[in-house]
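Asks: Quick one: the structure is below, and I'll ask about it shortly.
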């Protein structure tokens, strides 16, 4: 499973829509909207936060050779800070 965390719910909805080509399903988990879809033979979940992301640090994960995390970051075209 892949988890994408976005700063706002509207961003989560748009990212899910783009990656799933509009075929995502929305469900609520503890009153939090979660967008689910299958992509590249994997289940993806996209969720939005209710605050602000202050600092993003993926170095510790990427240094351990997690190819799936690198691919996720590439797909979303995230920029650090």
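The values are calculated or read from the model by the stated rules, or taken from the named source; none is laboratory data. This one's a predicted model, so the numbers in the text were calculated from it and none came from an experiment. Note that each Cβ is placed from the backbone with ideal geometry, even for glycine, and that neighbours are counted across all protein chains shown.
Asks: If I ask for residues that are under 12 Å from residue 50 (Cβ atoms) and in contact with a helix residue (DSSP H, G or I) (Cβ under 6 Å, 6 or more places away or on another chain), which ones from segment 6-39 would you list?
Replies: Residues satisfying the conditions are 6, 33.
Asks: Going by what's in this entry, would residue 46 be described as closer than 14 Å to residue 3 by Cβ and modelled with pLDDT of 90 or more?
Replies: yes
Asks: Filter segment 1-29 down to residues that are buried (at least 16 other Cβ atoms within 10 Å of the Cβ) and not in a helix (DSSP H, G or I), then give me how many there are. Outline the logic, then answer.
Replies: First, pick out the residues of segment 1-29 that are buried (at least 16 other Cβ atoms within 10 Å of the Cβ): 2, 4, 6, 9, 12-13, 15-16, 19-20, 24.
Checking the rest, the ones that are also not in a helix (DSSP H, G or I) come to 2, 4, 6, 24.
Residues that pass the stated criteria total 4.
Asks: In addition: If a residue must be surrounded by 11 or more Cβ atoms within 10 Å (Cβ to Cβ) and over 12 Å from the mean Cα position of the chain (by Cα), how many such residues does segment 41-53 contain?
Replies: Result for segment 41-53: 1.
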